[in-house]
1. Using a 10 angstrom Cβ neighbour count of at most 13 plus a DSSP loop assignment to flag exposed trypsin sites (Lys or Arg not before Pro), which longest range of the chain is free of such sites?
2. With just the Cα atoms defining each centre, how far is segment 230-275 from segment 93-129? Give it in Å.
3. Net charge near Val42, counting Lys/Arg +1 and Asp/Glu -1 over other residues with Cβ under 14 Å of its Cβ?
4. Give me the net charge for the shell around Ala86: Cβ to Cβ below 13 angstrom, other residues only, Lys and Arg +1, Asp and Glu -1.
5. Looking at segment 20-112, what % of its DSSP beta bridges pair antiparallel, to the nearest 5?
6. Return the single residue from Ile251, Ile127, Ile97 with maximal mean-square fluctuation; model: Gaussian network over the chain, springs between Cα atoms under 10 Å.
7. First select every other residue whose beta carbon is under 9 angstrom from the beta carbon of Ser192; then total the charges, Lys and Arg +1, Asp and Glu -1.
8. Taking springs between alpha-carbon atoms closer than 10 angstrom, which of Ser229, Ser192, Ser149 fluctuates most in the Gaussian network model of the chain?
Amino acid sequence: MGNIWKKTFVLSLMIVLGVFLTSASAGTIEKIKERGALIAGVKDAVIPFGYIDAETNQLVGFDIDICRAIAKNLGVELKLKPVTSATRIPMLAQGSIDLAAATMTHKFAREDSIDFSITYFMDGQKILVKKDSGIKSVADLAGKKVGTSKGSTSEKNIKEAQPECNVLSFEGYPQAFLALRQGKVSAVTTDSGILVGLKNSAPDPEDYVIVGDFIAAEPYGLGLPENDSDFRDLVNRTLVDLWNTGEYLKIYNKWFGPKTNFYLPLTWKMEIWPY
Ligand code: GLU
C-alpha cells in the first residue's frame, strides 16, 4: 500500500472510530436535544395516569403531565410511546424510550438494568371487589382467583399477602377488571389509585368497593436509563422544582383532587433536596 493510501486508510479509520465513540458515549440529554424530542414510555389504558381521552383521542393523564414538564425543561417536544407493566423496563433498557412514566414502583429488584428518579407519586396496593361479594380483605381471598397485570409488583405482593389465592395475570388492568365484571375472578389487585380509576370510570361504580388495608407500599419512580447521572439529575431537579413551585400540586389536583372523579388525598411529601 502506498504511503498516501496508508495515511488515508488510518485517517478514515480514526474518523469512523471517532464517530462511533461519540455516539456511544452521547448522554441521554444530548440525544434528546439532537432529536428535538423526549420519548416517554407511558401507559395508555390506566385511568387517570395514562389513557386515551375519548373526546380528543389524545393520550392524557397524570404521568403524561409529569413528562410534559420534563420535556419543557429540556426545551423539546414530547413524544409518547405506550408501554405495559411487562414491556416498560426492556424498552427503556434497549433505548427505545428515554424514560418511563408508567405507574412504576421503584424497587431494588428493578434496578438491574435501569435507574429511577426520586419518588414522584406514593401509593399502596389494595383489592377491588364486587360490593355484594362479602369479601372484606385479602384474608377472604383464600382459594379465590385474583386478577392483576403481567409484569406488576402486584403479582408477587398478593401471593405474599394471601398464599392461598390463585393469581391470574392479564395483559393490563382493563382486562383484569373485565374478568371481575364477568365473575371470572373475585378481585382485582393493584395500587389504590389505579383501582379508583377502574372503579370510577366504570358505568356502575356503586357496584364495586376497594377494601382492606394496604398490603404493600408502592412508591413510584420514573424509570431512567442505567448509569446516566446527568439525565437523572435533570429529572430529579425538575421534580423538586415542580414540588417547590406548587406546579406538582396543580397537576396532582387536576387528576386526583377532591373535584375529580378519582379523589386520592395527598398524604405524602416529595423528598426535597436543597438547591
Ligand atoms: N406500581 C405497580 C408496579 O409497578 C403496579 C402498577 C403497574 O403494574 O404499573 O408494578
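Where a number appears in this text, it was derived from the coordinates with a stated rule and is not lab data. This structure is a prediction, so every number in the text was calculated from the model and none was measured. In this analysis, Cβ positions are derived from the backbone assuming ideal geometry, glycine residues included, and neighbour counts consider all displayed protein chains.
1. By the stated rule (loop sites, at most 13 other Cβ atoms within 10 Å), 1-135.
2. 16 Å
3. Details: positive: Lys43, Arg68, Lys79, Lys81, Arg88; negative: Asp44, Asp53, Asp63, Asp65, Asp98.
Every neighbour counted, the sum reads 0.
4. +2
5. Here the antiparallel bridges make up roughly 30 percent for segment 20-112.
6. It is Ile251.
7. -2
8. Ser229
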